[in-house]
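Below you'll find the structure, written out as structure tokens, and then a few comments.
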Amino acid sequence: MFDGPEPIYVQIAQMIRAQVLAGELKEEEQVMSTTQFATTFRINPATAQKAFAGLVDEGVLYKRRGLGMFVAPGARERLLEEHRKSYFEDVLGPALQQAEILGISTDDVVAYVLGAGGSRTTTEES
Amino acid sequence: MTTAPFGARLDDVVVRFGASHRMLPNGLLARDEGGTGLDGASLTIRPGTITGVLGRNGAGKTTLLSLLAAFTRPTSGTVVVGPEGAQEDPWENPWITSGTQLVRESGDLLNEEKVRTSLRYYADVRPDWSAETAERLLDLFEVDVRKNPSALSRGKRSAVGATIGLASRAPLTIFDEVYLGMDAPTRYAFYDELLADYAEHPRTILLSSHLVEEVERLFEDVVVVDRGRVLLAESAEQMRARGFSLTGSRDAVERLTGGRRVLHRQQLGSTVQVTLEGALDDDERAAARRAGVEVGTVPVQDLFVRLTDPRSVTS
């Protein structure tokens, strides 16, 4: 867990954002405590604390005094909007660049997107 | 927890060991010059942190840790230990030393007595001792306390040391290579117990280890000792920010490298990975992304190896 190239606290924040996006963490649901996080993933509690603090600043989580961290109302909607904005630049852009390198024509890409040739059924892999 | 976590400070500390004589096989005496344990070491330990103490063999780690626990006295310079705002010289200072638990590699057990007797001794001298924790850990590590230390394996003796350190709940708890002889499952059980107990009972924990990869994520702060001096003492995050890696096509990586010091370089076909000193600014980061170059962090282990390597390459 958390073996990516980014700092661990960045990876923890990404994991929680992804869980909120996927609906695995519902709004107003409590997230694991810093202590639970530290012992579960064998990391310093301050590292988990830092990830949580960042998510509070972003409005993804909020703190209830004495109770812990909870998913903020409207967090999923906000994350969806942000990720939609960056989807073309971060995801589709590089994919089209790769298509160009491979000599896949724009027509082929469009045909794939529209489901021509039956390939749309396997979009999960794309 | 009855006492606030201890911090510590060293100012320009030198520790020299006295010269000694030894008998040669021909009956003549040879003089061994005393070594230097520390040679102008300065650092601050932040109270309430888990701090990693790293260094190559003979770098001065054990001397440093012994100073904090008042097992050694500096030849010159000053050492102070204690809670924020009330730090004192630990030497022959019962208030400080009763709050400091140093667990050495040797275990510090009474050799002629059962382990249980040694534990009773530690329970008496540590005001914050948790008998319940001690019992639970001895059970977890499967230590037979009715045996003498000499009848225990290396790993079991280390487990007793780990138990003493955790159960002491001392405001300053120091583990000096406590993992020796422990198998991997036992070491991981120790890390888990350490984190859980630290989270519940905040205190200052120093942990020296050569198994950097295994323990680096436990650290909030890191101290690197090299040839008797403190090479760095900062947060683990600051240490990780001392370097970064670039992976991508050779031309793009070289362009982004610029004049930075290359700590390590690996090439596989036309793909190059370099470890560089310093950090990237936002513009460079964006440029890296456009060029398809992956920017990564460098494990503390790698930074430690490179920073203490006198042959570290510069390109």
Chain B: most fluctuating residue of B:Ala19, B:Ala167, B:Ala70 per GNM, C-alpha cutoff 10 Å: B:Ala19
Kirkwood Rh (inverse of mean 1/r, distinct Cα pairs), chain A, angstrom: 17.0
Mean Cα-pair separation over length for segment B:241-307, i.e. relative contact order, pairs under 8 Å, 6 or more apart, %: 44
Table column - 3J(HN,Hα) (Hz), segment A:95-101, Karplus curve with 6.51, -1.76, 1.60, x for Gly and Pro: 5, 5, 4, 5, 4, 5, 4
GNM top mover of B:Asp282, B:Asp144, B:Asp176 - chain B, alpha-carbon springs below 10 Å: B:Asp282
Sorted largest first, extent of segment B:241-307 alpha carbons per principal axis (Å): 30, 29, 19
Within 10 Å of each Cβ in B:189-196, the average number of Cβ atoms from other chains: 3
For chain B, built as a Gaussian network whose Cα springs stay under 10 Å, the top-fluctuating residue of B:Gly258, B:Gly37, B:Gly161: B:Gly258
HN-Hα J in Hz across segment B:188-200 - Karplus 6.51, -1.76, 1.60, θ = phi - 60°, x for Gly and Pro: 5, 5, 5, 4, 5, 5, 4, 5, 5, 6, 5, 5, 7
Rounded, prolate or oblate (a/c below 1.5 giving rounded, otherwise prolate when a/b exceeds b/c) for the protein assembly as shown by Cα gyration tensor: prolate
Sequence of B:Ser66, B:Ser168, B:Ser209 once ranked by neighbouring C-beta atoms within 10 Å, starting from the fewest: B:Ser66, B:Ser209, B:Ser168
Where Rh is the Kirkwood radius over Cα pairs, Rg/Rh for segment B:22-61: 1.27
For q = 0.11, 0.22 Å⁻¹, Debye-computed log10 I/I(0) when each Cα of segment B:173-250 counts as one equal scatterer: -0.37, -1.15
Rg and Dmax [Cα atoms of segment B:1-130; Å; Rg one decimal, Dmax integer]: 17.6, 59
Loop GluC sites (Glu not before Pro), segment B:41-97 (other Cβ atoms within 10 Å of the site Cβ: 14 or fewer; DSSP): B:Glu84, B:Glu92
Placed amide H near B:Val15: partners under 5 Å, 5+ positions off or other chain: B:Gly37, B:Leu38, B:Asp39, B:Gly40, B:Thr75
Calculated FRET value between A:Gln97 and B:Arg46, using beta carbons and R₀ = 45 Å, to 0.05: 0.45
Residue exposure sequence - B:Arg255, B:Arg242, B:Arg157 - by fewest surrounding Cβ within 10 Å: B:Arg255, B:Arg242, B:Arg157
Long-range amide H partners of B:Val230 with built H, under 5 Å: B:Ser42
Kirkwood-based Rg to Rh ratio, segment A:8-73, C-alpha trace: 0.93
Within chain A, helix-based [θ] at 222 nm, where runs of 4 or more DSSP H residues each add -39,500 (n - 2.57), nearest 500: -16000 deg cm²/dmol
Formal net charge of residues neighbouring B:Pro47 (Cβ-Cβ distance under 12 Å; K, R +1; D, E -1): 0
Quarter of Cα convex hull surface for chain B, i.e. mean projection, nm²: 21.2
Gain upon complete extension [A:Arg78, A:Val110; 0.36 nm per residue less C-alpha separation]: 8.6 nm
Number of partner chain Cβ atoms within 10 Å, mean per residue of A:3-14: 2
Simple label model, 7 Å out from Cα along Cβ direction - A:Glu27 to B:His210, nm: 5.6
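Each reported figure results from applying straightforward, stated rules to the coordinates on display, with no laboratory input. Nothing here was measured: the structure is a model prediction, and the numbers come from that model. All Cβ positions, glycine included, derive from the backbone under ideal geometry; neighbour counts span all protein chains shown.
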